[in-house]
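Asker: Quick one: structure below, then a few questions.
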Amino acid sequence: TCLDQDLKCHLITNMKLHFDLAHKVFLDMKSQSILLNKTILSMQQEIQLKKKCSIAENNLIKEELQKCQASIETIKKEFNDQKKQNQEKNIESTRNLESIDVLTSPVKQIDRGNMISFNLIRQSESFKQSKTERIYSIDYKTFNDCQFLCSGSEDGKCTIYAIKQKSERCIKKYSKPVYSVKFSPYQDIICYSSHDNAIRFWDFKKNEIVSVFKEHSKSVFCIEFLQFNNRQYLCSGSDDKTIRLWDVTEKNTKHVFNGHEGGVLCLDVSAVQGTIGGNGYTICSGSCDNTICIWDIETKKQSSVFKEHNRRVLSVKYGSNKLGNIGCANTILSGSSDKTVRLWDIRSNENATVFNKHISCVYAVEYSPFIVPDNNLAVNANVICSGSEDNTIRFWDIRLNNKELFVIDGDKGDKGIYCLKFVSSKTKSDDNNNVCLYYGSNTGLWKKTLI
């Protein structure tokens, strides 16, 4: 038809125009696509560059951090080294001052009544107060100007002795050993611990047991009284690896100290304020794990551990200036199954001296009240003594490179020394100032008059 012909003619005539328009749109789209690809590529390159810069910056930061950490470690090491040097200087200065004080002020520091001549010991006579099985512990107290000893032994006896009268009374007999005995400093009470896990309080005026503490799960090897914050306490060490702090008035446990990996065989208490943390009230304990631990009673934390012994620690004692031993307030004395006696410096946490002439286990150590004469001048020589299963009691001078001063041999049948106690015979009614050494052996309680 005419209309169809016109349409066909129109399409043929304008086809080129439509094609050119479509081609132009295609070219525009292609151009935009190329531009977009370039933009994407540029952004990718920028991202890669930033990533490389970031890695480099991170590495640089890490290097700076490592340098800072190395500097901090160096500063810490220098600080600790300087601190140790200062402590050593302070200790040395203190010792020098103490030595100067001894030399320049002999009248103030020395009680010539305690001057000992070991030759006199050779001439003195030893004798047994009682016959029993092995005595593990002895203690001393004065009541109404009368002197008493008490002892705990392998055969289950807790015995009290009147020294002047040379009489004795077994206040209780058990089927199992009594390991530790102590006179109460507050009442007419004897406290003792035993193999049956119990601690008992015996009123020897009423002649009866007034209290029993039984919270340990194994044998109680050692007990010590102490007083702080106007309250009365008792410390106990057990084969259950714990130390308990008891309130004597309330009759309950105030705290349990855990930390030993073996049974606690011995302990001592110190109330020297300002020594270690808190108010200075501390406990030191020796264990089957071969260590000595110091515990701060106020903070209830372990403050120090000494690990030089290589076998059980059988005896520990805090030093005290009350005996006239200058500088001993900052020391601990210990005896061990490794046959050594060790003196520890609490201030530096180090083993100061080793005494090693015993040939068997050292069960007892004590700071003695003696002065050794030197060129007719009394010198406070810090004499210590130790008792061993080798059946000897040895005296040592801690200021003369662990010099052994004298040896007392036990009786042939004793077969070991297990506890020691120095006792002055001086009372209100008796001015005799002899010092006697009582010791427990396998055959009972013995006595040596020393000065």
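Asker: If you check Phe225, Phe221, Phe213, Phe183, which single one turns out to be closer than 23 Å to Thr291 by Cβ and either at pLDDT 90 or above or open to solvent by 70 Å² or more (accessible area, probe 1.4 Å) (or both)? Walk me through how you get there before you give the answer.
Answerer: Working: Phe225 fails: closer than 23 Å to Thr291 by Cβ; Phe213 fails: closer than 23 Å to Thr291 by Cβ; Phe183 fails: closer than 23 Å to Thr291 by Cβ.
The unique qualifying residue is Phe221.
Asker: Can you name the residue in the stretch 30-43 that is of a type outside the set (A, V, I, L, M) and open to solvent by less than 100 Å² (accessible area, probe 1.4 Å) and is also farthest from the chain's Cα centre (by Cα) among such residues?
Answerer: Out of the qualifying residues, it is Ser31.
Asker: Output the number of the condition that Val305 fails; it satisfies all remaining conditions of (1) at pLDDT below 90; (2) among the β-branched types (Val, Ile, Thr); (3) not in a loop (DSSP other than H, G, I, E, B).
Answerer: If we test Val305 against (1) at pLDDT below 90; (2) among the β-branched types (Val, Ile, Thr); (3) not in a loop (DSSP other than H, G, I, E, B), just (1) comes out false.
Asker: Return yes or no: is Leu377 modelled with pLDDT of 85 or more and either open to solvent by less than 40 Å² (accessible area, probe 1.4 Å) or over 32 Å from the mean Cα position of the chain (by Cα) (or both)?
Answerer: No, not satisfied.
Asker: A follow-up question, please. Among the residues in the stretch 79-102, are any open to solvent by 100 Å² or more (accessible area, probe 1.4 Å), at pLDDT 75 or above, over 60 Å from the mean Cα position of the chain (by Cα) and of a type outside the set (D, E, K, R)?
Answerer: No; the residues of the stretch 79-102 include none that is open to solvent by 100 Å² or more (accessible area, probe 1.4 Å), at pLDDT 75 or above, over 60 Å from the mean Cα position of the chain (by Cα) and of a type outside the set (D, E, K, R).
Asker: For the stretch 50-62, check the following and say yes or no: at least one residue is more than 60 Å from the chain's Cα centre (by Cα) and at pLDDT 80 or above.
Answerer: No: zero hits.
Asker: One residue is enough: does the stretch 381-403 have a residue meeting the conditions in a loop (DSSP other than H, G, I, E, B), open to solvent by 10 Å² or more (accessible area, probe 1.4 Å), among the hydrophobic types (A, V, I, L, M, F, W, C) and at pLDDT 90 or above?
Answerer: Within the stretch 381-403, none of the residues are in a loop (DSSP other than H, G, I, E, B), open to solvent by 10 Å² or more (accessible area, probe 1.4 Å), among the hydrophobic types (A, V, I, L, M, F, W, C) and at pLDDT 90 or above.
Asker: Considering the stretch 419-443 alone, what residues qualify as being charged (D, E, K, R) and modelled with pLDDT of 90 or more?
Answerer: Passing the criteria: only Lys421.
Asker: Hey, another quick one. So if I check each of Asp203, Asp239, which one is among the acidic types (Asp, Glu) and under 25 Å from Ser315 (Cβ atoms)?
Answerer: Matching residue, one of Asp203, Asp239: Asp239.
Asker: Can you name the residue in the stretch 186-199 that is open to solvent by 10 Å² or more (accessible area, probe 1.4 Å) and touching a residue at least 40 places away in the same chain (Cβ under 8 Å) and, of all such residues, is nearest to Asp296 (Cα to Cα)?
Answerer: Top of the filtered list is Tyr186.
Asker: Of all residues in the stretch 241-264, how many are open to solvent by less than 30 Å² (accessible area, probe 1.4 Å) and not small (Gly, Ala, Ser)?
Answerer: Qualifying residue count, the stretch 241-264: 9.
Asker: Residue under question is Lys218, and the condition is that it be over 32 Å from the mean Cα position of the chain (by Cα) and over 20 Å from Lys421 (Cα atoms); does it hold?
Answerer: Here the answer is no, as Lys218 does not meet what is asked.
Asker: Exactly one condition in (1) at pLDDT 95 or above; (2) open to solvent by 20 Å² or more (accessible area, probe 1.4 Å) is not met by Ser285; state its number.
Answerer: Of (1) at pLDDT 95 or above; (2) open to solvent by 20 Å² or more (accessible area, probe 1.4 Å), only one is false for Ser285: (2).
Asker: I'm trying to understand the selection: among the residues of the stretch 345-371, which are part of a strand (DSSP E or B) and either open to solvent by 40 Å² or more (accessible area, probe 1.4 Å) or modelled with pLDDT under 90 (or both)?
Answerer: Asp345, Glu350, Asn351, Ala352, Thr353, Val354, Tyr363, Tyr367, Ile371
The values are calculated or read from the model by the stated rules, or taken from the named source; none is laboratory data. Computed from a predicted model, the values in this text were never measured in an experiment. Methodologically, a virtual Cβ is constructed for each residue, glycine included, from the backbone with ideal geometry; neighbour enumeration extends over all protein chains shown. Heavy atoms of the whole protein, side chains included, go into the accessibility calculation; ligands, DNA and RNA do not. Shrake-Rupley method; radii C 1.70, N 1.55, O 1.52, S 1.80 Å.
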